[in-house]
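The structure appears right after this line, and notes come after that.
The values are calculated or read from the model by the stated rules, or taken from the named source; none is laboratory data. Since the structure is predicted, the reported quantities are computational estimates derived from the model, not experimental observations. So basically every Cβ, Gly included, is an ideal-geometry build from the backbone, and we count neighbours across all protein chains shown.
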Ligand code: ASP
């Protein structure tokens, strides 16, 4: 028994050791191992690429079936549409408010640090910016209803999957015994997916090591130097949001201990950091909230996939700082009305940002357009965005988990004994 517990603690710690060792290995490879076949083809684009992405793909493989089944089970368990509607409205409310807070915080921090003032634009390595058109708000809204649910599932369109699964869940609850075998199928399949999540997580330390080592072997530090102030401003705002705003909210709304929350949730943040995808983090997030924090899957199976799709506070923070940075670098004055416009558009952009790497940069063009900033400005920050993408993804999913915990607490779907039990770290 004791042995088993030791092993559990081992996995969490090992993910963190892997993060650090991976970064270290990547930097050593970047600076001290000469370019060539062995370093580039065999190690970085061979072993690291295959093992790291193999792990990531295995987690992504679980997302659609898991979200689909667990949402059906969750909405079936809640049963009545009134409660479901209440949970939905409350969750969306929290998501909007936290995003608006995040972007305001980012604008404040950026105006204190002034990242773009005195920047020598020619010293920054630029990557050609391709500003894809972001979909309009009306289309984003309409797109929630799948014309073909099978296509929605095949494409991993989260909002469509959520819509269809909730619909099924509600009707299954209404049918009760008359659909017992269908309900049972989904709930057993859901358990199977959870087992698979845990099985894949066993190789997480190796996968995380390879993903991080490959990233750092590719970027090194050189490109960062002229951009340090911009990066510092983003990091600071992300830190304040993740460790300050969320934890204060958790304390005020639930009375739960934020330190315990952070300790238990750290491996999920580490996973999000190494993969830079909120979507791939969904299974681990639901599992951690359930097993370690006592948050009922009835709530999390609904709020976590929704959050991974529409609630991107970390992304909004990057966008807020980027607006100030590019405006300063190009010598453009922003008015108070511009700032309000940025808060509104970045909140909408956060909804339209998919939980996969780098999409925040694409929706950034929508924010730039809204206040007339040159979209070419995105080229300035593209080269160094990966490391920020990793960090903001960790904040994105933390925001979802905090809101979920609060909503679960308010709906009495939370076991505080499990949350307080520090043997479950
Ligand atoms: N990578 C982010 C996420 O998955 C989205 C982004 O900001 O690009 O949450």
Next item on the list: With the checklist (1) touching a helix residue (DSSP H, G or I) at 6+ places or on another chain (Cβ under 8 Å); (2) surrounded by fewer than 18 Cβ atoms within 10 Å (Cβ to Cβ) in hand, flag the one item residue 331 doesn't pass.
Entry: (1)
Checklist line | Selection count where residues are outside any helix (DSSP H, G or I), more than 10 Å from the ligand (Cβ to nearest atom) and over 13 Å from residue 413 (Cα atoms), scope the stretch 279-326 | finding: 1
Check: Which of (1) surrounded by 19 or more Cβ atoms within 10 Å (Cβ to Cβ); (2) closer than 16 Å to residue 106 by Cβ is the odd one out, the single condition residue 344 does not satisfy?
Finding: (1)
Notebook entry, point to check: Using beta carbons and a limit of 7 Å, which pairs, at least six apart or on different chains, have the first residue in the stretch 343-372 and without any contact (Cβ under 8 Å) to a residue 60 or more places away in the chain and the second one more than 8 Å from the ligand (Cβ to nearest atom) and outside any helix (DSSP H, G or I)?
Noted result: 371/334
Next item on the list: Would you point out which residue out of 33, 87 is touching a helix residue (DSSP H, G or I) at 6+ places or on another chain (Cβ under 9 Å), over 23 Å from residue 276 (Cα atoms) and buried (at least 19 other Cβ atoms within 10 Å of the Cβ)?
Entry: 87
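Yes/no per residue for (1) modelled with pLDDT under 90; (2) loosely packed, with under 13 Cβ neighbours inside 10 Å; (3) in contact with a helix residue (DSSP H, G or I) (Cβ under 9 Å, 6 or more places away or on another chain):
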{"position": "141", "(1), (2), (3)": "yes, yes, no"}
{"position": "146", "(1), (2), (3)": "no, no, yes"}
{"position": "168", "(1), (2), (3)": "no, no, yes"}
{"position": "197", "(1), (2), (3)": "yes, no, yes"}
{"position": "201", "(1), (2), (3)": "yes, no, yes"}
